[in-house]
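First up is the structure itself, then whatever we jot down about it.
FYI, it's all coordinate maths here, none of it is from the lab. Just so it is clear, the model here is predicted, and its values are computed rather than measured. Glycine also receives a Cβ, built like all others from the backbone with ideal geometry; neighbour counts cover every protein chain displayed.
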Amino acid sequence: MLATLIPLFDKNMKTCAYSIFAQKENLLITPSAAGSARFDGAGFVTGLDIVDSTGIDTLSGSREVFIEVNDISIFADLDSQCSAPHDKLVLLMGPEVTPQENYVRRLAALKNDGYKLAIRNLAIDKFEEYRVILKLMDYIFLDHKKIKIQVARVYFQTQFPNLKLVGVNVDSQDDYEKLTADGGYSLYEGDFFRLPKTSGERELAPLKMNYLELLNIVNDIDFDLTKAADIIQNDAALVVSLLEIVNHMAVNSEITSVRHAAAMLGQKELKKWINTAVTKELCADKPSETTRISMLRAKFAENLAEIFGIGGMSQELFLTGMFSVLDLMLDKPMEEALSMVKISKAIDEALLLRKGDLGEVLSFVEEYETASWQEVSRQMVLRSIDMDSVYTAYLDSLRWFKDLLSVG
């Protein structure tokens, strides 16, 4: 099984929901599964299994989760597959769920049970034909490139006032800003949140400069603990976070200073904690999704080290994944952002050129998180990688991130 979460944002760049994109089989190994997938779903909805096995909080922090269903799986026994609250689950379907009586009855029953409903890929000229379906929907996904939002807003407000519009394929920050200014959409989906404004003219705030200095110290070979501690003590958030970590390790630690706390943690653990804690601080004024992507990529990449046959490079992979959105953190082009931190040549080449073993794993992580299953499957076949091990590595990164937030 393969699965990933795709975020949906509101007009303030706040993550409000996630869509689960899942695939049960490696279609390059078992191509016949492609034709049977919709029938397999009659008794098993992949997204629901993921929610139930990991918990709604682990996946989305109690936000809504959009789950793909089709004209067969819509009739499955959903309650037996997932114990998550119905109002947190949005069943996302396509136009194959038609306005026939059997579908309408089923959708009405699901709605009555508390599930939310959404539809996508519905052509404009089908809106009237699907009127009875649209009246039951909570959301409709619209490709903003194929629809005039000013016209659509009036139409839906008049005909379906309770239906929320989701703008998809929002691929640039400019598109996102224009759409939010025009209004009409409740949620937005696309790659716009990953694209920094790379003018390079914005000055870094003083605290961010301290964070970069701290990163440079700990990523030196055999760095000085006391130098790192002296910078940490100038930031209250970092001090509190450090003390929480140390006190969690030793109940009666009796910490006397920041230097003492740093020494108790030790060089290896202090380096890993600083890379994680400082990254969170660098993302503090960014959408929460930036922090999430940075951390999930870091842990997912680290988890893939053994799977890709480079177990000795797990720490380098962690840092590669974490710094893969450094341009977003610093609002600068990646090359300029990397010039401000001390990292190895291998990590630098991975981030700029996707070269080397680190670059190959990072490329795999990026393809995975965007649900590019054909490319992910191709790479797994070429490397004889087991699909379930990759899926387990991804789920572990989700659980790790949840625990990280609970500690921080």
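Which of the helices in the chain meet the span-like rule: DSSP H, Cα axial reach of 27 Å or more, Kyte-Doolittle mean at least 1.0?
Values: long enough: 288-307 (29 Å, -0.16); 387-407 (30 Å, 0.22).
Helices passing the filter in the chain: none found.
Which of these values of Rg and Dmax of the Cα atoms in Å was calculated from the structure shown: (1) 36.7, 137; (2) 31.3, 95; (3) 23.2, 72?
Read-out taken from this structure: (3).
Does a label point 7 Å from the Cα of R131, set along Cα-to-beta-carbon, have any residues of the stretch 80-108 with amide nitrogen under 14 Å, and which are they?
Residues 99 fall inside that zone.
Could you tell me the calculated FRET efficiency between D171 and D224, based on Cβ-Cβ distance and R0 = 45 angstrom, to the nearest 0.05?
E(calc), rounded to 0.05, equals 0.50.
Among F192, F9, which comes first, second and so on when ranked by fewest other beta-carbon atoms within 10 Å?
Listed from fewest to most nearby Cβ atoms, that is F192, F9.
Once you've got the GNM for the chain with C-alpha springs shorter than 10 Å, pick whichever of N210, N219, N234 has the biggest mean-square fluctuation.
Among N210, N219, N234, the largest GNM mean-square fluctuation belongs to N234.
Between the stretch 357-403 and the stretch 129-185, what is the separation of their alpha carbon centroids in Å?
The distance from the Cα centre of the stretch 357-403 to that of the stretch 129-185 comes to 32 Å.
Rounded to the nearest 5, what % of DSSP beta bridges with both residues in the chain are antiparallel? Don't skip to the answer; put the middle values down first.
Numbers: 9 of 30 bridges.
Antiparallel bridges make up about 30 percent of those DSSP assigns within the chain.
Would you grab the residues whose amide H sits under 5 Å from the one on L117? Only those 5+ places off in sequence or on another chain, please, with H modelled 1.01 Å from N.
Under 5 Å from the amide H of L117: L91, D138, Y139.
Taking only Cα atoms and a 10 Å spring cutoff, compute GNM fluctuations for the chain and point out the largest among L352, L317, L134.
Between L352, L317, L134, it is L352 that shows the largest mean-square fluctuation.
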